[in-house]
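The values are calculated or read from the model by the stated rules, or taken from the named source; none is laboratory data. Small disclaimer: the values here were computed from a predicted structure and weren't measured. A quick note on method: Cβ atoms are made from the backbone with ideal geometry, for glycine too, and the neighbour counts reach across all protein chains shown.
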Amino acid sequence: VMVAIARGGWVVGRILSDLLGIREVYAVTVKFYRDVAKPGDKPTLLQELSVDLASRQILVVDDIVDTGETLKETLRHILDKKPRELKTAALYVKSWSPIKPDFYVREYSSWVVFPYEIRETLKNASLTQGLLSELKKAGLTEEILRDILGQ
């Protein structure tokens, strides 16, 4: 059974479920960030799992583990359901994260922007200056950037 942490884990979960042949995929929603790069005080479980996970093998997936708070809250919720085995996976993990997934691709210390969140990230003024400059250097025109931002 795979459990994807919404929202970033949806994309990773969909791809991994296909690659690993896992057809049973569920989602939990944990809210921790108030905005891009702005964590809240504590994570809140907004969408619980309503399936029986007792004695099952579970793989929890997310796109990135930063503070580790979202993953910890998700694991607390799933452990209450008494799985037989619980493993975690993420594409990336921040070097300072107190919790490391069992499986990950790379460790990072800088902010990561995934293709599926570029519009959300670009709308955040505190991150926009440097990112827009880099995108322009990469050849994106003002017109393309306005399209991405919906302006």
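In this structure, does residue 86 turn out to be free of Cβ contacts under 8 Å to residues at least 60 places away in the same chain, farther than 24 Å from residue 114 by Cα and more than 12 Å from the chain's Cα centre (by Cα)? If you could, list the steps in order and put the result at the bottom.
Numbers: free of Cβ contacts under 8 Å to residues at least 60 places away in the same chain: yes; farther than 24 Å from residue 114 by Cα: yes; more than 12 Å from the chain's Cα centre (by Cα): yes.
Yes: the conditions hold for residue 86.
Checking each residue in the stretch 1-42 for being modelled with pLDDT of 90 or more, β-branched (Val, Ile, Thr) and in a loop (DSSP other than H, G, I, E, B) picks out 1, 22. Can you go through 17, 50 and tell me which one is surrounded by 14 or more Cβ atoms within 10 Å (Cβ to Cβ), free of Cβ contacts under 8 Å to residues at least 40 places away in the same chain and among the small types (Gly, Ala, Ser)? Step by step, each of 17, 50 is checked, and only 17 is surrounded by 14 or more Cβ atoms within 10 Å (Cβ to Cβ), free of Cβ contacts under 8 Å to residues at least 40 places away in the same chain and among the small types (Gly, Ala, Ser).
Looking only at the stretch 64-83, residues that are part of a helix (DSSP H, G or I) and either closer than 15 Å to residue 24 by Cα or in contact (Cβ under 8 Å) with a residue 60 or more places away in the chain (or both) come to 4 in all.
Each row is one residue, and each column tells you yes or no for (1) assigned to a strand (DSSP E or B); (2) hydroxyl-bearing (Ser, Thr, Tyr); (3) more than 17 Å from residue 10 (Cβ to Cβ).
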site: 62; (1), (2), (3): yes, no, no
site: 86; (1), (2), (3): yes, no, yes
site: 90; (1), (2), (3): yes, no, no
site: 99; (1), (2), (3): no, no, yes
